[in-house]
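Single-structure report; data block below.
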Amino acid sequence: MDGAAPVAAENEANVRYLLDTHGACMRLVDTGLAPGLGGSGLEGAHPDRHDPPEVWLTQAEAALVRRFDPRGDTIGFFVAKFEKAA
């Protein structure tokens, strides 16, 4: 990746895993956080992991989560909200 920092989307990958394995009983919903607070999640897949691929979120799913990337000496945060399907 040309010396750039590696892509870190483990949170998106965890959301994808939950949706793929428990999507019949869990659904991803909007976090309820104020618009503009944080960024959306990462879409697509990891550019360097192919066997097995690390798949992230669709555009619609990425809009439902909030990502707060680290700045300076502050750690990053990730917010996703799920509801139990009826």
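Has the stretch 75-86 got any residue that is in contact (Cβ under 8 Å) with a residue 12 or more places away in the chain, closer than 16 Å to residue 10 by Cα, in contact with a helix residue (DSSP H, G or I) (Cβ under 8 Å, 6 or more places away or on another chain) and outside any strand (DSSP E or B)? Yes, there is a match, as at least one residue in the stretch 75-86 is in contact (Cβ under 8 Å) with a residue 12 or more places away in the chain, closer than 16 Å to residue 10 by Cα, in contact with a helix residue (DSSP H, G or I) (Cβ under 8 Å, 6 or more places away or on another chain) and outside any strand (DSSP E or B). Criterion applied to 61, 54 was being closer than 26 Å to residue 84 by Cβ and either outside any strand (DSSP E or B) or modelled with pLDDT under 90 (or both), and the one residue passing it is 61. Among the residues of the stretch 22-43, just one is modelled with pLDDT of 95 or more and of a type in the set (S, T, N, Q), namely 31.
The values are calculated or read from the model by the stated rules, or taken from the named source; none is laboratory data. These numbers come from a predicted model, not from an experiment. Reconstructed Cβ throughout: ideal geometry from the backbone, glycine too, with neighbour counts over all protein chains shown.
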